[in-house]
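Q: Sending over a structure as structure tokens; questions will come in a sec.
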């Protein structure tokens, strides 16, 4: 169904944290220097071998000192995912220069949530029960497991009173949260929204992806012929979205516009993507249509590019089918951050805006021999792009859940 | 533009479908019973609960698809098919890209998640079960439904504790109004597993002694848990199908940050003649209180039917089913409290305000009205 182009929504703040470090300047440096985020797992002992992860290696506890409104009481109730989200959100809100967020809302994408905490409590409870130890584990900390915990901590720290929703569509969660938050602004439900996603590493996610045999022993090599799989990561990417009128009225600096959002479901398989990328094409096409753009208007695609055998093959097919073979520069930034699951769409939204603002396409790190059948114009080293006006970012999740966002330069 | 409800499906402790659910509510059936919950140490605790009856997929879902579905996924998929059947809507007759699913669940896929963790606790991390992992993500219920009916449109899952269904409803209303979909299956489901029961027992939230049923107005002595699924077909009011009820308004926000009271705002505009809420006797849930009602000149009953079907985070979906049925059949369901009917005077409502302040600080409210 052809629809009218959507009203542009202003992006006035960005925040990021992950394997490349904390904050936009650190990310900028990592992207420019091609500094990958591949490293050893340091949060727990795994017996599965030396699979690298995209772990945040800064002092998260100290980083929380930069979050305004975080009372000692709230601080005690944070999961690692919550902490990552708060740090990224504080940066985004600071950059937006908003004096208060009280009238505003937040849409957040999550998947792992507080699992790192709750799974440890469960494992300990089972261990004691198996050992015949009658001493019970205090399960009260398990409340952070629930999906809305991050959203609630954001609302409490920033005093949000507007619409707040928590979306869990696996690895497309943040992209959906951002797209839907922009819809909420267009519908007049709120003038300003905090939107993005956050997820920490967890045993469940790590062991789960290992059980699916999709984790690479040497980190991800997206769109490489010899790629062996993904790297599980953690982080957060948050955006401050604002109606154009509100941003103009307060004289805010618009970093970029969110111009399109498309969403679809493969309805094909619980984990495997549709072999022809049918759902991915539908999401990208809808995002373009609603942005009022043609495929040839897109100057760069930040691919989902997890480096699994299935994803890269089908995503490449989908891109080639919609945009034409080799017609648009493409890169995946998963070797910088790892696959940060629900946070991926948020972090990659920040990268997309970075590309637009700096007129620079980030390299697809890790590729040695490009996947021939992909027929992509793969960005293997950072590439200047003076004529870059629009960027498309893909996020795909379990259950064939596809989301595509289009960002447009602010002039 | 109004959003209407054109189909309803329910699997609950009151029965395997909407007809049984309605009969149970009309007759004041109490579905609370003692159930055995296995603890981590292998012992079994008998405690009251409202466990949903087994879903009846015969004639609705192909057996080969059922094999891949765990209990909660079955309940959800069966309720979805019931809703489509009730709306006399054959999914194959629709453009699949305009058919979507929006689901609310707080606990999500607890059974496969626990099985997944158990698989590596017992056999070592290399023995982790990929099948259980695939099923462990929150979005699995919405994905299973989409897979069953070939819905390639929007597919979203809202995880927001005890307003997860209301959050899904609000999301769906907005998607339909923005014309991002034409037909949406909107639902909510959660299940009570032995692990969750043990967690809830540790935190002191659950009633463990033998009681006749949940009392939504009880003095904070804990809740009697339950489980189930309810799914609805939602469309814009230009649909050719019969409207069972109309979603006149829907809002989500916060009640903990000093913002406006959404329920009061909606009540002011809609002048409801019945208020329902998510009160379950154990949390900080509140009725639209008497003072607020008096300020608005509202003198209407405020009820919760969780004494009839139990409570769980997504139970708002089943309350929504009760509300739709009251409106479309012109009847009122007398609620139970502690296993006994609450004596109050009420007539068949024409407009129901549902007020769902979450224990987490989130707040959702909607107005459901008879169709024009």
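Q: Can you give the calculated 222 nm mean residue ellipticity of chain B, where each DSSP H run of n ≥ 4 adds -39,500 (n - 2.57) and the sum is split over every residue, rounded to the nearest 500 deg cm²/dmol?
A: Helices in chain B give a 222 nm mean residue ellipticity of -9000 deg cm²/dmol.
Q: Now a separate question. Please give, to one decimal in nm, the separation of the simple spin-label points placed at residue A:124 and residue A:389, each 7 Å out from Cα toward the Cβ.
A: Computed distance between label sites residue A:124 and residue A:389 equals 5.8 nm.
Q: Same structure again: Quick check: pseudo-label points 7 Å beyond the Cα along Cα→Cβ at residue B:41 and residue A:253, how many nm apart are they?
A: 6.2 nm
Q: Taking a label point 7 Å from the Cα of residue A:24 along the Cα→Cβ vector, which residues of region A:327-355 have an amide N closer than 15 Å to it?
A: What the label zone holds, given the 15 Å backbone N cut-off, is A:347-355.
Q: For region B:208-346, what relative contact order do you get, as a whole percent, if you take Cα pairs closer than 8 Å and at least 6 residues apart?
A: Worked out over region B:208-346, it gives 38 percent.
Q: Related question: Averaged across A:141-147, how many Cβ atoms of other chains sit within 10 Å of each residue's Cβ atom? Could the numbers behind the result be given before it?
A: On the way: counts 1, 6, 5, 0, 6, 10, 12.
Neighbouring Cβ atoms belonging to other protein chains average 6 per residue here.
Q: Related question: Taking only DSSP H segments of four or more residues, each worth -39500 (n - 2.57), what value at 222 nm results for chain A once the sum is divided by all its residues, to the nearest 500 deg cm²/dmol?
A: Dividing the helical sum by the residues of chain A leaves -10000 deg cm²/dmol.
Q: Taking springs between alpha-carbon atoms closer than 10 angstrom, which of A:340, A:314, A:271 fluctuates most in the Gaussian network model of chain A?
A: Fluctuation is largest for A:271.
Q: At a threshold of 8 angstrom on Cα-Cα distance, excluding pairs fewer than six apart, so keeping six or more, what relative contact order does region A:9-409 reach in percent?
A: Value for region A:9-409: 23 percent.
Q: Moving to a separate point now. Among bridges DSSP assigns within region B:248-369, what percent are antiparallel (round to 5)?
A: Values: 15 of 21 bridges.
Bridges in region B:248-369 that DSSP calls antiparallel: roughly 70 percent.
Q: While we're looking at this one, here's another question. Work out, in µm²/s and without decimals, the Stokes-Einstein translational diffusion coefficient of region B:3-244 at 25 °C, 0.890 mPa s, Rh from Kirkwood over C-alpha pairs.
A: 131 µm²/s
Q: Quick one: go through region B:288-320 and flag any residue whose amide nitrogen is under 15 Å from the point 7 Å out along the Cα-to-Cβ line of residue B:345.
A: Taking a point 7 Å out along Cα→Cβ of residue B:345, the residues of region B:288-320 whose backbone N falls under 15 Å are B:299-302.
Q: Which distance in Å, rounded to a whole number, links the C-alpha centroids of region B:75-144 and region B:224-246?
A: 19 Å
Q: Kindly state, as a whole number, the per residue volume in cubic angstrom of the convex hull around the alpha carbon atoms of the protein assembly as shown.
A: Each residue corresponds to 141 Å³ of Cα convex hull volume.
Q: Shifting gears a bit: Residues in region A:224-268 near a label at residue A:103, defined as backbone nitrogen under 16 Å from the 7 Å Cα→Cβ point?
A: The answer is A:241-252.
Q: log₁₀ I(q)/I(0) of region B:213-372 at q = 0.10 Å⁻¹, via Debye over equal Cα point scatterers, no solvent, to two decimals?
A: -0.34
Q: Report relative contact order for chain B in percent, whole number only (criteria: Cα-Cα under 8 Å, sequence separation at least 6). Display every interim value, and only then the final one.
A: On the way: 954 pairs, mean separation 89.6, N = 372.
The normalised contact order for chain B reaches 24 percent.
Q: Percent antiparallel among DSSP beta bridges with both residues in chain A, to the nearest 5?
A: If I count the DSSP bridges inside chain A, around 70 percent turn out antiparallel.
Q: Where does chain A land on Rg(C-alpha)/(2.2 N^0.38 Å)?
A: Compactness ratio reported: 0.92.
Q: Continuing with the same structure: Determine, from the Cβ-Cβ distance of residue B:126 and residue A:226 and an R0 of 25 Å, the FRET efficiency 1/(1 + (r/R0)^6), rounded to the nearest 0.05. List each step's numbers first, then the result.
A: Numbers: r = 24 Å, r/R0 = 0.96.
With R0 = 25 Å, the Cβ-Cβ based efficiency is 0.55.
Q: In a solvent-free Debye calculation with one equal scatterer on each Cα, what is log10 I(q)/I(0) for region A:125-192 at q = 0.15, 0.26 Å⁻¹, listed in the order of the q values?
A: -0.65, -1.19
Q: Determine the principal axes of the Cα atoms in region B:14-105, then give the extent along each, sorted from largest to smallest and rounded to whole angstroms.
A: Here the spans come out as 51, 36, 25 Å, largest first.
Q: Which whole-angstrom value gives the distance between the alpha carbon centres of region A:110-187 and region A:338-364?
A: That distance is 24 Å.
Q: What is the average number of partner chain Cβ atoms found within 10 Å of a Cβ in B:177-190? Please report the intermediate quantities before stating the final value.
A: Numbers: counts 2, 8, 3, 10, 2, 1, 0, 0, 0, 0, 0, 0, 0, 0.
Mean shielding count: 2.
Values quoted throughout were computed directly from the atomic coordinates according to the rules given, and no laboratory measurement underlies them. Nothing here was measured: the structure is a model prediction, and the numbers come from that model. Positions of Cβ are generated from backbone atoms using ideal geometry, with glycine treated the same way; all protein chains shown enter the neighbour counts.
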